[in-house]
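Read through the structure below, which is laid out as C-alpha cells, and then see the notes.
The values are calculated or read from the model by the stated rules, or taken from the named source; none is laboratory data. On a predicted model such as this, the values are computed, not experimentally measured, just so you know. All Cβ positions, glycine included, derive from the backbone under ideal geometry; neighbour counts span all protein chains shown. Ligands, DNA and RNA are stripped out before the accessible areas are found, and what is left, the full protein with its side chains, is counted by its heavy atoms. Shrake-Rupley method; radii C 1.70, N 1.55, O 1.52, S 1.80 Å.
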Amino acid sequence: MSSETGSSKDVSEEHLPHKQDPGAVTVADDPFADPGLPAHEPRKQDIDERAAKRSERVVTLLFALSSLATVGFIVSYLLIPIDKIVYIWPFGHVSGLNFALGWTLGLALFCIGAGAVHWARTLMSDEEVPDERHPVAASPEVKAQVLEDFRAGTQESGIGFGRRKMMRNSLLGAMALVPLSGVVLLRDLGPAPGDKLFHTKWAAGKRIVNENTGLPLRPEDITVGSLTQAMPEGMDLHDHDFHSEIAKAAVMLVRLEPADIKDEQSADWGHEGILCFSKICTHIGCPATLYERQTHHALCPCHQSTFDLSDGARVLFGPAGHPLPQLRITTNDDGELVAMGDFAEPPGPSFWERG
C-alpha cells in the first residue's frame, strides 16, 4: 500500500511548478496536423436518377417563372397607366404601375438566383478536390488541366448538350428575357423629339423683344458696335416650356457698318446693317455672347469657339462645327424689328438627325 502511494505521489509531483524547468516548452507531435477532408457523401440526386429529374424540373420551373415574370414586367409597363392608384393590403394605396414593376422584376431576378442555387446544390458536382497552390503565371500543363476540369464540370453539372437540355434551355431563355426589362425602361427617357429640334418660336412677323425688358426693339435702339440679346415676343418665364424653347430661340443682334459685312447673303438677311444670329454656340450650347467690337468676333466662353459675325458667323477657332444660324429680319409697319420666318437650319449643338 505504501509503495503504491509513494509512486503516485512521485508522478503527481512532476507537474508541480517548482518541479518544472522554466525554460522548457512542451511541444505536441504535430500541432498543425492536416485534418484532411471528410469522406464524400453522395447526395440523393447522385444515386437516384428520379430525384435528379425532380431537381431538374424544379430548376426548369424556376427559370420558366422568371421568363413569365419578365413578360409580366413588360406588359405591366405598357398597359398600366402611370397615374393608376390601387389599394393592396397590407400596403394601402400604392401606385399600381410601381407595384407591378417591382414585384415582376423582383420575381424574375429571384427565380434565376434560386434556380441557379438549387441547380448547384443538387445537380452540380459537390466533391471537394484539394490542390496545391501554384504561381500566378500558369504553365501550359495547368492551363490544359483547367480546361479539362471545366469540361468535366460542365458535363457533371448537366449543362452539356447531351444531357438536361430542358433545364439548360430554360436558363438561357430566362437570362435572355431579363435584360428586356431594362430595354423597355428606355421609354422613360422621354418622348422622341421628332422634328422639334428643327423648329423654334420664331415665325414670320414675330416681333423681336429685348431679353431683359421684354420691349420690342427698333433699329434706332441698336447702335453700331453694340450687341443686344433678344428673344421672340410672347415668351413668359413662367411657361412650363420656357427653358426648352429659349434654349433654341435666344438671339443676339449686332449692328455693323454695311461696308464691313463680308457675306452678301448675311447682309441681305439683315436690316440696315443689323444682323440677328442665334446666340447658342453650335458646340455644346453655351451663349456665345462675348463680343469684340473691332474684329466683329463673338466668343463662346466655355471652349473658346470664335465666330466672325461680319462673315456669316463662320467658325474661326474652337470645337464648334457649324456657323451660328442667322435669322432673317425686317421691320413692320410700326418700325419694329420682326422676323421673316424661322431659322433656315437648326440652332444649337449638332445632333444625329441633323446630318
Review point. Roughly how many nanometres apart are two label points built 7 Å out from the Cα toward the Cβ at Ala344 and Asn210?
Key: 3.1
Study note, to complete from the structure: Lone Cys, the chain, Cβ cut-off 4.7 Å -> Cys111, Cys276
Exercise for review: Treat each spin label as a single point 7 Å out from the Cα along the C-beta direction, and report the Gln265 to Asp83 distance in nm.
Suggested key: 4.7
**Study point:** Two-site label geometry, Leu172 and Asp34: point separation in nm, points 7 Å out along Cα→Cβ
**Key:** 4.1
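Would you kindly state the longest site-free stretch of the chain, with sites defined as chymotrypsin sites (Phe, Trp or Tyr not before Pro) in a DSSP loop (not H, G, I, E, B) surrounded by at most 11 other Cβ atoms within 10 Å?
Details: sites that count: Phe32, Phe91, Phe161, Phe351.
The longest such stretch corresponds to 162-350.
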Review point. Projected area of the chain, taken from the Cα convex hull and averaged over every viewing direction, in nm²?
Key: 44.3
Practice item. Might you tell me the accessible area per residue for the stretch 197-355, computed with a 1.4 Å probe and given in Å²? Key: 49
Practice item. Using a 1.4 angstrom probe on heavy atoms only, work out the carbon and sulfur share of the accessible area of the chain in %. Key: 59
**Study point:** Probe 1.4 Å, all protein chains present, accessible-area order of Met231, Met175, Met167, Met124, largest first
**Key:** Met175, Met124, Met231, Met167
Exercise for review: Take Ile47, Ile80, Ile280 and sort them by solvent-accessible surface of the protein heavy atoms, 1.4 Å probe, largest at the top.
Suggested key: Ile47, Ile80, Ile280
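Are there trypsin sites (Lys or Arg not before Pro) in the stretch 189-256 that DSSP puts in a loop and that have at most 13 other Cβ atoms within 10 Å, and which ones?
Details: sites: Lys196, Lys201, Lys206, Arg207, Lys248, Arg255; in loops: Lys201, Lys206.
Here no loop site has a sparse enough neighbourhood.
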Study note, to complete from the structure: So the number of lysine pairs in the chain with alpha-carbon atoms under 17 angstrom apart, 8 or more residues apart or on different chains, is 8
Check your understanding: Stretched out fully, how many nm does the piece from His93 to Gln304 gain, at 0.36 nm a residue minus the Cα gap?
Key -> 70.6 nm
